[in-house]
Amino acid sequence: MTPDTDNLFPDDTADATPERARGVDLVFAAIVTFAPPAAFVLGTWLWISGRAVPSAVEIVTMIAIHVCSLVGVELGFHRLFSHRSYTATRLVKVGLAAMGSLAFQGPVIWWASIHRKHHRYADQPGDPHSMYLFDPDRRFTWRGAIHAHIGWVWSARSVGRGGFARYAKDLYRDADLLWIHTHYFAFMIAGFALPALISGVAHGSLQGAGLGLLWGGFIRIFLMNHLTYWCINSVTHGWGRQDYATPDHSTNVPLLALVTLGQSWHNNHHASPTSAIMSHRKGQLDPGAWILALLERGKLISNVRRPYGPALERVRREQRRNVAPPHHGDDH
Amino acid sequence: MSNTQPSKDALRDWLLTCVAAKVKIDRDKIRTDVSMDEYGLDSVSAVSISGELSELLNRDLPGTLLYEYSTIDELTDHLVRSGAATGQSPASEASA
């Protein structure tokens, strides 16, 4: 059956706004959906066929910008700006916002607004990227999984056009953040221009610049977004274990802990969203928390919120249970 | 000096026209007591309107202004209070 998407995505944030997908949103959606995987295929083929083998310069640049943007998104966009889970000096705040803006995940305040809305409606109608809204009984569907992973960036109702200040008024009032937010396009371009420039200079050729653009630009985005970070919206709401009886489908997925800087302890996060620390017990790797500990020791951040407390107890299960494997039968 | 200051009504009218043009909605459909953001005014346009207001009123205004005062009414009242507009409805109004 075809779901009534008007009901599935109640647009409480844009009561007065005519619903229309803006051309620029669709252009960005198309680029970020298709260009990075295509670049990955092209880059791999060029490498294997020996036509254009990436050198250490491309690989190091790619990893360096990848780590920068991952730290910016997870510790900045997410833990600092969306959840206010610690206090940062201006230098750290601006640095994280700038670094996250290289990731091709949208402008910082928009990102935080989407995320706050996700927590408000987690896996209920209104959630911008839940996979459970395409089935009348709110069961898993593959269509929903694709929507949660990447499809939502194509949905005018998910990316919204109006009412976002309601979710992030505090962020819009921060002049530094607003500047970075409104200059997002320049940061995004820098994420492509920088690796191209580095490789172009290192190899002294236009082909070198192209190789830098391919690996440090598009393939980097494929590795961060498509392959790892976007799994937070899809995988960690579909597969894995729930340690807490949160009213959503969030799960803990240990396998993704390192590559998401600890965000794959996503059930922990939904149980205690204002905590800056995602690890709730020994052995749960949370690289983001390690970086925060270093910054805290250097007095660059403070008021780091910890996970335990009465709020957590409220949602703690009496007995842990494993989430049943998602039902795949009724898709389409 | 007051010749360079628009009246409160003129300022409200200017803002209404400006917002309507940015969000491409008929100005008759825009309410002055609803957050401008609700009509889909994006942040680049919001900062741009702050800049245009600075020009119009010949004073430095922060880019965050439209988020401090999110409705046209709130913003107009603030500008009148801060002395940027006259608060009256004189015959001579800014022709911006």
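In this structure, does A:Lys169 turn out to be on the phi < 0 side of the Ramachandran plot, free of Cβ contacts under 8 Å to residues at least 60 places away in the same chain, part of a helix (DSSP H, G or I) and not small (Gly, Ala, Ser)?
Yes.
Might you check whether a residue that is assigned to a helix (DSSP H, G or I) and surrounded by fewer than 20 Cβ atoms within 10 Å (Cβ to Cβ) occurs anywhere in the range A:209-221?
Among the residues of the range A:209-221, at least one is assigned to a helix (DSSP H, G or I) and surrounded by fewer than 20 Cβ atoms within 10 Å (Cβ to Cβ), which makes the answer yes.
For the range B:57-76, name all the residues that are under 17 Å from B:Ile30 (Cβ atoms) and more than 14 Å from chain A (Cβ to nearest Cβ).
B:Asp73, B:Thr76
Evaluate the following for A:His269: is it surrounded by 16 or more Cβ atoms within 10 Å (Cβ to Cβ) and assigned to a helix (DSSP H, G or I)?
yes
Filter the range B:32-81 down to the residues that are assigned to a loop (DSSP other than H, G, I, E, B) and either small (Gly, Ala, Ser) or in contact with a strand residue (DSSP E or B) (Cβ under 8 Å, 6 or more places away or on another chain) (or both) and list them by number.
Listed by number, the residues that qualify are B:Thr32, B:Asp33, B:Val34, B:Gly40, B:Gly63, B:Ser70.
Residues of the range B:1-49 being aliphatic (A, V, I, L, M) and free of Cβ contacts under 8 Å to residues at least 12 places away in the same chain, which ones?
B:Met1, B:Ala20, B:Ala21, B:Val44
A:Ser69 is checked against (1) within 18 Å of A:Ser199 (Cα to Cα); (2) crowded, with 24+ Cβ neighbours inside 10 Å; (3) among the hydroxyl-bearing types (Ser, Thr, Tyr) and fails just one. What number does that condition carry?
Among (1) within 18 Å of A:Ser199 (Cα to Cα); (2) crowded, with 24+ Cβ neighbours inside 10 Å; (3) among the hydroxyl-bearing types (Ser, Thr, Tyr), A:Ser69 violates only (1).
Considering only the range A:66-88, state which residues are in a helix (DSSP H, G or I) and basic (Lys, Arg).
The answer is A:Arg79, and nothing else.
Please work out which residue is surrounded by the fewest Cβ atoms within 10 Å (Cβ to Cβ), limiting yourself to the range A:83-127 and to residues that are over 15 Å from A:Gly163 (Cβ atoms) and within 14 Å of another protein chain (Cβ to nearest Cβ).
A:Gly106
Computed from the coordinates by the stated procedures, all read-outs in this text should not be read as laboratory data. Since we're looking at a predicted model, the values are computed, not measured. With ideal geometry, Cβ positions are generated from the backbone for all residues, glycine too; neighbour counts draw on all protein chains shown.
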